[in-house]
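Right, one structure below, let's go through it.
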Amino acid sequence: MRTTLVLDDDVLDKARAVATRLDAPFRRVVNEALRAGLRAVEEPLRTRPYRTRPHKMELKAGRSLDNIQDLLAQVEGEDHR
């Protein structure tokens, strides 16, 4: 089937280069590229959902988050500023 298709210059150049490199007809290269692109659009990649594992995090004995100034002094020393 014949149809008119307007290609951007960069797409045309790349298709011609591929056709030359593969020693294949331009028409075949364009058809195969369109098939591959349409297949990718119809069937998006299936990826596994990202999951994180929770970890129980606790402060060492004798430390509290109630007073951040005191906690910084304990962890970094009195000259923490």
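Key figures for this structure:
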item	result
Hey, R48 at negative phi, modelled with pLDDT of 95 or more and out of contact with any Ser or Thr (no Cβ under 9 Å at 6 or more places or on another chain) or not	no
Every residue from region 37-81 that is surrounded by 10 or more Cβ atoms within 10 Å (Cβ to Cβ) and of a type in the set (A, V, I, L, M, F, W, C)	L38, A40, L59, L71, L72, A73, V75
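The values are calculated or read from the model by the stated rules, or taken from the named source; none is laboratory data. Computed from a predicted model, the values in this text were never measured in an experiment. Glycine also receives a Cβ, built like all others from the backbone with ideal geometry; neighbour counts cover every protein chain displayed.
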